[in-house]
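What follows is a set of notes on a single structure, which appears directly below.
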Amino acid sequence: MSSFRIFDIAGSALSAQSVRLNTVASNLANADAVSGDAEAVYKARMPVFKAVSAPGEVGASVQVLGVVESTTPADRRHEPGNPLADAEGYVYAPNVNVVEEMVNMISSARSYQSSIEVMNTAKDLALRTLTLGK
Amino acid sequence: MAATDALFGIHGQALAIQSRRMELIASNLANADTPGFQARDLDFREVLAQAGQTGAGTAGLDTAALKYRVVAQPSTDGNTVDVQTEQAQYAEAALRYQASLGFLDGRIKSMLTALTGQ
């Protein structure tokens with residue numbers, strides 16, 4: 001029965017959004033993790049989504065192609081007292097934009113919720129179809 | 001199975017088409033954050049007429065019957081999914097599915113009454 005494809009599609013959206021929530025959590029947790037090396041400092045991570053549909057299928061599920069790191073340069077600060085500072089007294093802060101991460105968090109939570117609703121409705125209808133004529 | 005089945009009318013096919021439609025809308029919602037994804041839907045009347053002509057049911061629903069959603073608010077990443085529209089359409093498809101279920105249920109019950117004579 002094709003209605004079970006809905007669970008695959010909505011399920012793929014749930015796992016994709018949870019990857020996105022994970023990267024948001026990781027970015028926010030490391031937002032203040034400074035380093036003395038511009039290369040070694042934490043860089044904001046974000047998932048890349050792609051729509052995939054099997055041949056002959058009408059619906060498309062969503063797949064996480066991978067997690068990429070932001071290429072924005074790290075924030076350079078002069079903090080000679082910091083034990084992590086380099087020879088010139090500079091530390092490098094991660095290029096995490098906290099406001100952007102909060103917006104991402106809300107957006108992914110909303111998408112997660114709407115996929116849950118889709119699944120619930122599909123489940124109710126499938127159950128009603130099973131009890132047809134009873 | 002003909003489109004106008006003697007016992008169940010169009011409701012058997014209506015169920016299959018609405019469930020396909022819900023699948024499509026679920027994939028639009030799943031890809032609401034995918035850059036470049038274009039929302040699609042199907043025309044119920046057209047697909048039903050097609051299924052009636054070929055007599056093949058909805059198994060032969062090809063991707064040519066799918067239509068792209070007209071964009072209300074364009075976005076910079078090329079995604080044309082409007083979550084509110086999709087949720088409304090999903091609710092509508094679910095309601096129509098339930099309506100067809102109700103008709104089928106009533107039909108089965110009246111046939112059972114006729115068969116058992118009670």
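As a length-normalised measure over Cα pairs under 8 Å and 6 or more apart, the relative contact order of chain B settles at 37 percent.
Relative to the dominant Cα principal axis of chain A, helix A:5-29 is inclined by about 20°. Each part gets one Cα centre, and for the stretch A:65-104 versus the stretch B:91-118 those centres are 63 Å apart. Between the residues A:Gly59, A:Ser26, A:Ser107, the greatest Cα displacement towards the positive end of the dipole of the stretch A:4-112, with unit charges on the Cβ of Lys, Arg, Asp and Glu, is found for A:Gly59. Cβ crowding within 10 Å, taken as a proxy for footprinting-reagent exposure, orders B:Asp33, A:Asp8, B:Asp5 from fewest neighbours to most as B:Asp5, A:Asp8, B:Asp33. Between the helical axis of B:44-54 and the longest alpha-carbon principal axis of chain B there is an angle of about 60 degrees. Please give the helix A:98-130 orientation as an angle from the longest Cα principal axis of chain A, in degrees from 0 to 90, rounded to the nearest 10. Rounded to the nearest ten degrees, it is 10.
With neighbours defined as other Cβ atoms within 10 Å of a residue's Cβ, the residues A:Thr121, B:Thr80 order from fewest to most as B:Thr80, A:Thr121.
Legend: residue pairs A:Lys134/B:Lys67; A:Lys50/A:Lys123; A:Lys123/B:Lys67, Cα-Cα distance threshold 29 Å; pairs beyond threshold, A:Lys134/B:Lys67.
For the peptides A:45-52, A:99-106, residues were scored by their other Cβ atoms within 10 Å and the scores averaged per peptide; the highest-first order is A:45-52, A:99-106.
A short reminder: the numbers here are calculations on the coordinates, not readings from a lab. Predicted, not measured: the structure shown is a model, and the values here were computed from it. Here Cβ is always computed from backbone atoms with ideal geometry, including for glycine, and neighbour counts include all displayed protein chains.
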